[in-house]
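The values are calculated or read from the model by the stated rules, or taken from the named source; none is laboratory data. Fair warning: this is a prediction, and the values are worked out from it, not measured in the lab. Here the Cβ positions follow ideal geometry from the backbone for every residue, glycine too, while neighbour counts run over all protein chains shown.
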Amino acid sequence: MLLHELTASKVRERITKREVTAQEVVEELLEWINLKEPLIKTYLCLDEDGALSKAKEIDEKLSNGNKVGLLAGVPIAIKDNMCTAGVKTTCASKILENFIPPYDAFVVKRIKDEDAIIIGKTNLDEFAMGSSTENSAFQITRNPWDIDCIPGGSSGGSAAAVSADMAFMALGSDTGGSVRQPASFCGDVGLKPTYGRVSRYGLIAFASSLDQIGPITKDVLDTALLLQVISGHDNFDSTCAALDVPNYISDIDRLDDVLKIGVPREFFGEGLNTEIKSALMDALKIYEANGAKLVDLSLPHCEYAVATYYIIATAEASSNLARYDGVRYGHRSRLSSDSNIVDMYSQTRAEGFGNEVKRRILLGNYALSTGYYEAYYLKASKVRNLIKNDFEDAFKKVDCIICPTCPTPAFKIGERVTEPLEMYLSDIYTIPANLAGIPGISIPCGFTSAGLPIGMQILGKYFDERKLLKMAKLFENETDFHLKRPKLNQQV
Ligand code: GLN
């Protein structure tokens, strides 16, 4: 196996056993990236010098016999909406095209403290608004399994980088499915933690009551490892829970109790691709064969989840994005230099934001405006509570819920760009977890006849990530879907 093909845990093991140096790993990876990047376009920026100098630092620590961190020498890709001190952070938006943050996001600091190597910043839909990464202001990322298809979004760059072996692991953010959906389209493991499990300090805000950062990796063990590193309390994010972080890695292969798995009717009905449905049915049989009991469930209000999400997320986005005014951050319109300040604001925003971001700002401002607030925002908040209650009721009966991650496999580039509603529907199964705040993981569970990966989603109780990881690991131990790689990974 070539170095870049290893999982993060394996490459760390080889580095710490001194079978290979961190520098060799980075050099080999960069060579591979340079070969494949022109085709896939996952990165908005590569930090070659930074990565090499960090690698040398770790090799030195090891040769001096010093202790090294949980991610020693592992090259990691970061979605470009998380701040990296001294390295451009653009959110794939023209408005932040030249923004260099003076500080690291909490998660970035944590992974650096554990001796990881940040290899680059990955492409996304502008401000994480989208499901295909086609809303990036800079480039279109392709799906390594079929380069005519999108990799999913909005963390499409991170998901494609992991599946093309162009990063050992990656961070994404998930507001309505942006970690799980691209992970499922690219054959990766992706986890959205419970709201409050991971600090969002330094994550450029999209919708603050929904945003969470999560790992995208090649297998479940690596997701456990990265979650371990990024979880925990942070005084700089008041929504971050002051709860102890359990050990996600120990006992990951042990599931003691007979589990009850909820199978929600509403997620297996109309609109679900038949190949995905049958892959899920086969997966459920594997759990049954391992002693799990399947329980038929109803989550009646999830039918309103997409509509609810597009009120709440756009309302919060319109407020969060008000800060981009040409004064404090990023782009300022040149056309406006001798006109008044209001012209400067509007010209700057007209030039800096792309169409989808503008659409969301308009929708959000409308939903919050006088006279409409009660009819839209308030109503959506009430429906959100009903969705939360659906899950709370369900978790009185079952330990976790299994459903598809997405209703279809990856679609073709360009296919949905003119159909925003169709694009929004690709998140129909992922959005409910964000609205309820519960954790969810997507793992590979099969392939379509066209060879595209299929993702299975496991949803759990608040802060029960440990169980999700164990459930996911059990499935991985019984199957080999996670070991399959895109054909493109073999072509040199
Ligand atoms: N696709 C959804 C949206 O466009 C979710 C995005 C996300 O999770 N960041 O809002």
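State all residues of region 181-212 that are buried (at least 24 other Cβ atoms within 10 Å of the Cβ), part of a loop (DSSP other than H, G, I, E, B), away from the ligand (no atom under 15 Å from the Cβ) and not charged (D, E, K, R); if no residue qualifies, say none. Passing the criteria: GLY187, SER199. Going by the conditions given, is GLY440 in contact with a Gly (Cβ under 8 Å, 6 or more places away or on another chain) and either aliphatic (A, V, I, L, M) or touching a residue at least 40 places away in the same chain (Cβ under 8 Å) (or both)? For GLY440, the condition - in contact with a Gly (Cβ under 8 Å, 6 or more places away or on another chain) and either aliphatic (A, V, I, L, M) or touching a residue at least 40 places away in the same chain (Cβ under 8 Å) (or both) - is met. Within region 187-201, can you find the residues that are under 9 Å from ILE213 (Cβ atoms) and among the small types (Gly, Ala, Ser)? Within region 187-201, SER199 is the sole residue that qualifies.
Which one of SER178, SER158 is modelled with pLDDT of 95 or more, within 11 Å of the ligand (Cβ to nearest atom) and within 12 Å of the chain's Cα centre (by Cα)? Give the derivation first.
Numbers: SER158 fails: within 11 Å of the ligand (Cβ to nearest atom).
Just a single option satisfies the conditions, and that option is SER178.
Flag set for ALA167, criterion: crowded, with 24+ Cβ neighbours inside 10 Å, assigned to a loop (DSSP other than H, G, I, E, B), more than 16 Å from the ligand (Cβ to nearest atom) and not hydroxyl-bearing (Ser, Thr, Tyr).
Is at least one residue of region 358-373 more than 16 Å from ALA313 (Cβ to Cβ), of a type in the set (Lys, Arg) and either surrounded by 20 or more Cβ atoms within 10 Å (Cβ to Cβ) or within 16 Å of the ligand (Cβ to nearest atom) (or both)? The answer is no; no qualifying residue exists. When ILE252 is tested against (1) closer than 26 Å to ALA72 by Cβ; (2) in a loop (DSSP other than H, G, I, E, B); (3) within 20 Å of the chain's Cα centre (by Cα), only condition (3) is not met. Assess whether ILE454 counts as being in contact with a Cys (Cβ under 9 Å, 6 or more places away or on another chain), on the phi < 0 side of the Ramachandran plot, among the hydrophobic types (A, V, I, L, M, F, W, C) and crowded, with 21+ Cβ neighbours inside 10 Å. Yes; evaluated as a whole, the condition is true for this residue.
The helices (runs of 4 or more DSSP H) located wholly in region 273-364 that include 3 or more residues which are under 23 Å from the mean Cα position of the chain (by Cα) and farther than 28 Å from ILE401 by Cα occupy 305-320. Within region 394-408, the presence of at least one residue that is within 15 Å of the ligand (Cβ to nearest atom), surrounded by fewer than 22 Cβ atoms within 10 Å (Cβ to Cβ) and at pLDDT 95 or above is confirmed. Being without any contact (Cβ under 8 Å) to a residue 40 or more places away in the chain and over 30 Å from GLY364 (Cα atoms) holds for only one residue in ASP464, ASP393, and it is ASP393.
Take PRO432 and tell me if it is within 16 Å of the ligand (Cβ to nearest atom), in a loop (DSSP other than H, G, I, E, B) and out of contact with any His (no Cβ under 8 Å at 6 or more places or on another chain). Here the answer is no, as PRO432 does not meet what is asked. I'd like to know if region 396-403 contains one or more residues that are without any contact (Cβ under 8 Å) to a residue 40 or more places away in the chain, part of a loop (DSSP other than H, G, I, E, B) and among the basic types (Lys, Arg). No, the conditions are met nowhere in region 396-403. Can you tell me which residues in region 378-415 are closer than 20 Å to ASP188 by Cβ and small (Gly, Ala, Ser)? Across region 378-415, the qualifying residue is only ALA410.
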